[in-house]
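The values are calculated or read from the model by the stated rules, or taken from the named source; none is laboratory data. Since this is a predicted model, take the numbers as computed values, not measurements. All Cβ positions, even for glycine, are placed from backbone atoms using ideal geometry, and neighbour counts span all protein chains on display. Accessible surface areas use protein heavy atoms only, side chains included; no ligands, DNA or RNA. Shrake-Rupley method; radii C 1.70, N 1.55, O 1.52, S 1.80 Å.
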Amino acid sequence: MALLRKINQVLLFLLIVTLCGILYKKVHRETALRNETDDDSEPPEEMEEEIPVVICAAAGRMGAAMAAINSIYSNTDANILFYVVGLRNTLSRIRKWIEHSKLREINFKIVEFNPVVLKGKIRPDSSRPELLQPLNFVRFYLPLLIHQHEKVIYLDDDVIVQGDIQELYDTTLALGHAAAFSDDCDLPSAQDMNRFVGLQNTYMGYLDYRKKAIKDLGISPSTCSFNPGVIVANMTEWKHQRITKQLEKWMQKNVEENLYSSSLGGGVATSPMLIVFHGKYSAINPLWHIRHLGQINSYQKYTATQRRKLKIFVSLLKICDTTACPQNIANR
């Protein structure tokens, strides 16, 4: 009996060892196959960064806006999301312009701008009434219109982009800066242009230095201005610094005190930005914003060498500065 019991114990032990061996081989084989599969599989592709571009499409300038959008789309492989901003009565027209052309391939959102936010903030006596159009102030309210992006490009509708918008988007904003602009005085032809545009490249062309509120700012009238027709904006800093509220404050002060010499610079929208961002903005390469090329035959002022350089290196040419912009774009 004792011998039989020992034999049974040995057989049971061998059975247990055999089962353990089988389980080990099975688990090891599955692990090896899983590792081999993991090694052969391609790593997941990183999501391509989306570049948000804000551009307005006013009723009388729809063709200009579409030409600008097309020029951006045609010159980049980047993942662009266009925010096309309009007033309520133009939204359906904007959609038709896009969906009934080759622009139907673009990634876009149509955003309504409510001009009620401007009530009581705009003087009605500007010498250039086209600058009083509500969409001219969309740039003041970027964080209220665009919610899901940290960095945003804003462009006026009177531009044609000839290079990769990715390069503009890659503009570095210094710590604490809510926006980047191109200085007017950095233009290759700034001295030549002064004869034609007077003081439009300095603060004197936009602010009325006879007014106490302007004098108290302590900004030299000869300070170089920047043009907010091309903006690279940091939405987090914009909201943190309450930029929109600051701009509205200076709009309201202009209503009360007539602070801006709009007869020269047409600075209805530019002037508040010059004040709020003075000394607190980063630089955009000036060749990304060539002004006045559509005025007074100024393009002929460049030498042949400079024209070639512009054609090769200048990615964005501002070709018009009046409501005739759609005709100018169509002819180019």
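Which entries of LYS212/LYS280; LYS121/LYS212; LYS109/LYS211; LYS119/LYS239 have Cα-Cα distances beyond 31 Å here?
On the way: LYS212/LYS280 22 Å; LYS121/LYS212 20 Å; LYS109/LYS211 42 Å; LYS119/LYS239 22 Å.
Listed pairs above 31 Å: LYS109/LYS211.
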For CYS185, the accessible surface traced by a 1.4 Å probe with all protein chains present amounts, in square angstrom to the nearest 10, to 50
Round to the nearest 10 and report in Å² the accessible area of MET204, as given by a 1.4 Å probe over the protein chains' heavy atoms. 70
Interchain or long-range residues, amide H under 5 Å from ILE80's placed H: ILE51
Rounded to one decimal in nm, the spacing of the 7 Å Cα→Cβ label points at ASP170 and LYS249 is 3.7
Roughly how many Å² of GLU49 are accessible to a 1.4 Å probe, to the nearest 10? 110
Plugging the Cβ-Cβ distance of ARG104 and ASP77 into 1/(1 + (r/R0)^6) at R0 = 22 Å yields, to the nearest 0.05, a FRET efficiency of 0.75
Tabulate in residue order the Karplus-calculated ³J(HN,Hα) for the range 85-94, using 6.51 cos²θ - 1.76 cosθ + 1.60 with θ = phi - 60°, rounded to whole Hz; enter x for Gly and Pro. 9, x, 7, 4, 6, 10, 4, 5, 5, 4
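Classify the range 49-130 as rounded, prolate or oblate from the Cα gyration tensor: take a ≥ b ≥ c as the square roots of its eigenvalues, call it rounded if a/c is under 1.5, otherwise prolate when a/b beats b/c and oblate if not. It would help to have the intermediate numbers written out before the result.
Numbers: a/c = 2.07, a/b = 1.94, b/c = 1.07.
It is prolate, given that a/c is not under 1.5 and a/b is the larger ratio.
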For the range 140-150, just list the computed ³J(HN,Hα) in residue order, Karplus coefficients 6.51, -1.76 and 1.60, θ = phi - 60°, integers in Hz, with x standing in for Gly and Pro. 6, 10, 3, x, 7, 9, 10, 10, 9, 10, 7
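Multiply the residue separation of HIS278 and ASN114 by 0.36 nm, subtract the distance between their alpha-carbon atoms, and state the gained length in nm to one decimal. Each step should come with its number before you reach the end.
Working: separation 164, 0.36 × 164 = 59.04 nm, distance 2.79 nm.
Here the answer is 56.3 nm.
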